1. In the range 86-110, which residues are closer than 16 Å to residue 43 by Cα, under 10 Å from the mean Cα position of the chain (by Cα) and among the aliphatic types (A, V, I, L, M)?
2. Here are some residues: 121, 163. Which one is over 25 Å from residue 109 (Cα atoms) and either within 17 Å of the chain's Cα centre (by Cα) or among the β-branched types (Val, Ile, Thr) (or both)?
3. So, in the range 67-90, of the ones that are among the hydrophobic types (A, V, I, L, M, F, W, C) and in a loop (DSSP other than H, G, I, E, B), which residue ends up most open to solvent (accessible area, probe 1.4 Å)?
4. Taking residue 117 as the residue in question, decide whether it is touching a helix residue (DSSP H, G or I) at 6+ places or on another chain (Cβ under 6 Å), of a type in the set (Gly, Ala, Ser), surrounded by 19 or more Cβ atoms within 10 Å (Cβ to Cβ) and closer than 19 Å to residue 165 by Cβ.
5. If residue 10 satisfies all but one of (1) under 18 Å from residue 94 (Cα atoms); (2) without any contact (Cβ under 8 Å) to a residue 60 or more places away in the chain, what's the number of the condition it fails?
6. Give me the pairs, please: first residue somewhere in the range 71-86 and modelled with pLDDT of 95 or more, second residue anywhere and of a type in the set (D, E, K, R) and exposed (fewer than 14 other Cβ atoms within 10 Å of the Cβ), beta-carbon distance under 9 Å, and either six or more positions apart or on two chains.
7. Restricting to helices (runs of 4 or more DSSP H) lying wholly in the range 120-164: which have 1 or more residues that are modelled with pLDDT of 95 or more, in contact with a strand residue (DSSP E or B) (Cβ under 8 Å, 6 or more places away or on another chain) and closer than 18 Å to residue 87 by Cβ?
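The values are calculated or read from the model by the stated rules, or taken from the named source; none is laboratory data. Since the model is a prediction, treat every value here as computed from it, not as a measurement. When we count neighbours, we look across all protein chains shown, and the Cβ atoms used for this are built from the backbone with ideal geometry, even at glycine. Protein only, heavy atoms only, side chains kept; ligands, DNA and RNA dropped before computing areas. Shrake-Rupley method; radii C 1.70, N 1.55, O 1.52, S 1.80 Å.
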Amino acid sequence: MPILHYIHDPLCGWCYAASPLVEAAAAAGIAVRLHGGGLWDSPTALPPAKRAMIAQADARIAAMTGQPFGEAYLQGLLRDPATRFHSRPTIAALLAVPEAQALPMLRAIQRAHYVEGQRVIETPVLARLAEGLGVAPAEFLPALEAAPVDRHIETTRGLMQRIGAGGFPTFLVERDGVARPLPHQDCYGNPALFVQRILN
């Protein structure tokens with residue numbers, strides 16, 4: 001069975017668009033390896049023009065894929081000038097849960113952000129999401145603190161540079177130790193085609 005390498009960022013809208021593709025691959029029994037690239041290096045406040053651009057992209061994503069965007073996000077979190085985007089805490093959270101829970105944790109972070117409008121860069125929010133997956137705060141919080149997030153992002157960026165990846169999401173399919181890029185742009189809204197492409 002091939003391995004799907006998923007170069008992503010938890011706060012990337014197009015990664016949220018690709019979420020059904022990744023879920024379909026996992027449901028088909030394909031192993032998924034997550035590589036967080038760090039779209040937002042430091043806590044970043046967005047100017048109104050950038051927020052408007054993201055809102056337009058989100059509307060396109062919703063139309064293409066059916067992915068839900070909640071009012072708490074669209075009218076609250078995204079419009080709030082106090083909102084900060086910061087990838088490192090969310091990537092650290094994926095490293096802090098058991099490997100088998102990393103993809104469910106990514107899904108939980110994306111839902112909390114895009115549907116529920118929660119501030120997923122905050123530790124208490126991430127701890128609640130982990131607890132919802134059965135990872136107790138006493139286990140999660142020390143692991144979050146110790147997560148090698150800088151090294152992980154550096155490794156992912158090195159991988160992106162080697163393969164010439166232009167952004168998120170990027171997919172590679174590994175067979176017999178050899179990984180090759182997997183085109184996916186025409187698969188939005190068509191997870192079955194994505195799975196077929198991995199397996200063929």
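1. 91
2. Going through 121, 163 in turn, the sole match is 163.
3. In this case the residue turns out to be 82.
4. no
5. Residue 10 satisfies all of (1) under 18 Å from residue 94 (Cα atoms); (2) without any contact (Cβ under 8 Å) to a residue 60 or more places away in the chain except (2).
6. As it stands, the answer is 86/41, since those pairs meet every condition given.
7. 149-163
Quick grid of which residues meet (1) open to solvent by 30 Å² or more (accessible area, probe 1.4 Å); (2) basic (Lys, Arg); (3) in a loop (DSSP other than H, G, I, E, B); (4) modelled with pLDDT of 95 or more:
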{"residue": "5", "(1), (2), (3), (4)": "no, no, no, yes"}
{"residue": "11", "(1), (2), (3), (4)": "no, no, yes, yes"}
{"residue": "17", "(1), (2), (3), (4)": "no, no, no, yes"}
{"residue": "24", "(1), (2), (3), (4)": "no, no, no, yes"}
{"residue": "33", "(1), (2), (3), (4)": "yes, yes, no, yes"}
{"residue": "52", "(1), (2), (3), (4)": "yes, no, no, yes"}
{"residue": "56", "(1), (2), (3), (4)": "yes, no, no, yes"}
{"residue": "63", "(1), (2), (3), (4)": "yes, no, no, yes"}
